[in-house]
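Step one of this worksheet: look at the structure below.
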Amino acid sequence: MILFTIGVVGVLIRRNAIIVFMCIELMLNSVNLLLVAFSKMHALSPVAKASPTFASDAQVFVFFIMVVAAAEVTVGLALIVMLYRNTHSVDVNFLNRLKY
Amino acid sequence: MSNMKLLILLIPVLPLIGFMITGLGRNVLSKSLSGFIGSVVVLASLVISFMAFLQVRESGSILATYFDFINIHNLHIAFDFFIDPLTSIFLLVITGVGFLIHVYSIGYMHEESSKDFSKYFSFLNLFVFSMLLLVIANNFAVMYIGWEGVGLCSYLLIGYWFKNPEYTSAGKKAFVMNRIGDFGFLLAVFWVISRLGTTSFSEVFTAESLAKLSQSDITGITLLLFLGATAKSAQLPLYTWLPDAMAGPTPVSALIHAATMVTAGVYLIARSNVWYTMAPFTQGVIAVVSIATMLLAASIALKQNDIKKVLAYSTVSQLGYMFLALSVGAYTAAVFHVMTHAFFKALLFLGAGSVIHAMGGEQDMQGMGGLKSRLKITHITMLIACLAIAGIPPLSGFFSKDEILSASFMKSPMLWGLGVFGALLTAFYMFRLYAMTFLGKFRGSSEQEANLHESPLSMTLPLLVLAGLSIVGGFIGIPEAIMSGAHQLGDFLAPVFAPSAKLMGPHTVSHNTEYILMAVSAIVAIAAMIVAWNKFSKYTIGNEKDSAFGTVLRNKWYVDEFYEKIIVQPLKSISRFFNNTIDIKGIDGVVNGVGSVVQYASRQLRYLQSGQIGGYVLLMVLGFIALLIIQLFL
């Protein structure tokens, strides 16, 4: 939760696009951590014993999230690169032309 | 039997086909071709109707079911036709007189352009189709199609010369008046459905169905149906459309007034005769309305100078007779009078058309006179028609009128007295018309005099045929008093009216009384005829002085003006009120108000879209937190 909150606040207050991006990654990884931790914690519960895949479900999810995050990083970094090329800046507040 | 079923279907469908051919092909068909098609389809219907008539006569009524027309929940209305003696008589009259009018129209309308000519014939065919559907239907729903159809066609035909605004407004008047009646008819049908769950004629008039209806049901239904009939058959208070309907071409007037539309109301009541016999209150209403209509219309006819207007009011008055017969339970007499009236009134209109044709469009009788020697055939046939409508024995009108009068005498001598007075007026105004038109000296312009000519064969032939029918038409209903067992029409129709006859019990008037009644009505008619003959054969313009009462009559009792003041003007001011206050201020205000509120709100909300990504994310996070709190704590 702490990591997640740091990520959210980071997205909200930082203006550098790369930092914002890292904060997003931070949020994703905090969720990953949470999933793995809960998975381990609940692995011994009676519900988990009844269903053979129950214990590993969360860990499989984490792998998926990591794959998606990797893909997202490539797209996101590409966007930032293009952004810098066009505006010579990575300040997100600079990009406020899409409004009323 | 299936052959017969197909043939019966053809009776109304043939004119429909004719309507489509002449209507769709109006730009390509030549005049003679569309006239030919229009007439031939009606002739074919006539032939089939005659076959059906023979079949009915030999082996009783025919019922032919084609398909399910309406099928909802437990309401099943089939599309079926039913031919019983009553229907077969009407079929013959409609197709027979209709055919003659088609033939006549070929001659009468020859000056129209070929496109308008085809249009005219297509309307005429559609009219015949609607009317045939009306009488051949076996339930109120299918009948209603025809009922509306004739209303529509009358509008189309009355407003046929639509470039004249006066004529179009006459058409509109007919349509609106008919709508008022249709509304009554429709309510009655709904009432029947809600009580009996069926509209089929073969079911609603049976003893079981009648047992399901309370007395107030029957009275209500019959009154509503009668409202429908007053509009279609031009009774008080809805008759005013009919005299205005003279705006249409003359053959149309003949078709509407003689053979078809106006008899629809009579047919409707004759068809529902059982109900009417069981509703004495409605019968009383009909009696009062019919007598009032008859006398009012006859008195107006005394002072009209337009030849067609006289005939129009005489139609209204004769319809009053038919309803008088219906109100006293003499259904056979009513149908008999419908039939004879179809012959002589069609003849009168067509004769008047022939006169107008010869006079080059002149309709005012003040400008006529002395046409006797110039229009020989027209003159003879018109004379026969006048004698017939005036009830001079032994022409057809005498028998039917006498039957009505003797039936009303049995009910109450007062009805009879008023009926005879009506007959007197009838004889008087008919011979006023005859004398002003054919006797005396010619009063028109010399140009008109030079152009006077007898009409072509296609016009005179129908006149001759109808004249023949007007003479012999009465012999199918010779009263018992003169020759026993000679009332063939009565015997033929007896099965249709049997349930009513059973309810009413035997009724006979002694032969001596009947002789006296006949003699009185005949003498009265002849006397009125002679007076009118003498008075108007020496007519010159302006020698007819109007008394105060005469002015009232000439102005048609100011009924139109009265309606204008009482109904039309208040309605107009109410509409103006609705338009200016409720519609523009109320409804438009609400609609526009909603629109401007939305516009204003969105203009304010727009500023939330700031373009700052951080702002969006913040709102999103706040939203999530709010959702979380709701989920967890509320």
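The values are calculated or read from the model by the stated rules, or taken from the named source; none is laboratory data. Quick caveat, the model's predicted, so the values are computed rather than measured. Counting neighbours? That spans all protein chains shown, and the Cβs are built from the backbone with ideal geometry, glycine included.
Things to note:
- Residue match in region B:126-136 (condition: touching a Leu at 6+ places or on another chain (Cβ under 6 Å), buried (at least 20 other Cβ atoms within 10 Å of the Cβ) and aliphatic (A, V, I, L, M)): no
- Taking the listed residues A:V68, A:V62, the one that is loosely packed, with under 15 Cβ neighbours inside 10 Å and modelled with pLDDT of 85 or more is A:V68, with no other qualifying.
- Pair list, Cβ under 6 Å, 6 or more apart: region A:1-22 residue within 12 Å of chain B (Cβ to nearest Cβ) and farther than 16 Å from B:I613 by Cβ, other residue modelled with pLDDT of 80 or more and surrounded by 17 or more Cβ atoms within 10 Å (Cβ to Cβ): A:F4/A:M27; A:F4/A:S30
- Within region B:596-611, residues that are over 24 Å from A:D91 (Cα atoms) reach partners that are surrounded by 10 or more Cβ atoms within 10 Å (Cβ to Cβ) and at pLDDT below 90 with beta carbons closer than 8 Å, at six or more positions or on different chains, in the pairs B:R606/A:Y100.
- Of all the numbered requirements in (1) touching a strand residue (DSSP E or B) at 6+ places or on another chain (Cβ under 8 Å); (2) without any contact (Cβ under 8 Å) to a residue 40 or more places away in the chain, B:Q363 misses one, and that requirement is (2).
- Region B:601-633 - residue that is under 22 Å from A:I13 (Cβ atoms) and of a type outside the set (A, V, I, L, M, F, W, C) and, of those, farthest from the other protein chains (Cβ to nearest Cβ): B:G623
- Of the set (1) assigned to a helix (DSSP H, G or I); (2) of a type outside the set (F, W, Y); (3) without any contact (Cβ under 8 Å) to a residue 12 or more places away in the chain, all apply to B:K309 but (3).
- Index of the failed condition, B:K115 passing every other in (1) in contact with a Lys or Arg (Cβ under 6 Å, 6 or more places away or on another chain); (2) buried (at least 24 other Cβ atoms within 10 Å of the Cβ): (2)
- Residues that are loosely packed, with under 10 Cβ neighbours inside 10 Å and of a type in the set (A, V, I, L, M, F, W, C) within region B:592-634 comprise B:I630, B:L632, B:F633, B:L634, listed in sequence order.
- Restricting B:A407, B:A423 to those that are touching a Lys or Arg at 6+ places or on another chain (Cβ under 8 Å) and either assigned to a helix (DSSP H, G or I) or not aliphatic (A, V, I, L, M) (or both) reduces the list to B:A423.
- Verdict on B:M177 being among the aliphatic types (A, V, I, L, M), closer than 22 Å to B:Y239 by Cα and out of contact with any Gly (no Cβ under 8 Å at 6 or more places or on another chain): yes
- Being of a type outside the set (D, E) and on the phi > 0 side of the Ramachandran plot holds for only one residue in B:H102, B:H110, B:H73, and it is B:H73.
- Only a single item in (1) surrounded by 24 or more Cβ atoms within 10 Å (Cβ to Cβ); (2) without any contact (Cβ under 8 Å) to a residue 40 or more places away in the chain is not met by B:E148, and it is number (1).
- Test: A:M41 is modelled with pLDDT of 85 or more and more than 13 Å from every other protein chain (Cβ to nearest Cβ): no
- Residues that are surrounded by fewer than 14 Cβ atoms within 10 Å (Cβ to Cβ) and not in a helix (DSSP H, G or I) within region A:17-52 comprise A:L44, A:S45, A:S51, A:P52, listed in sequence order.
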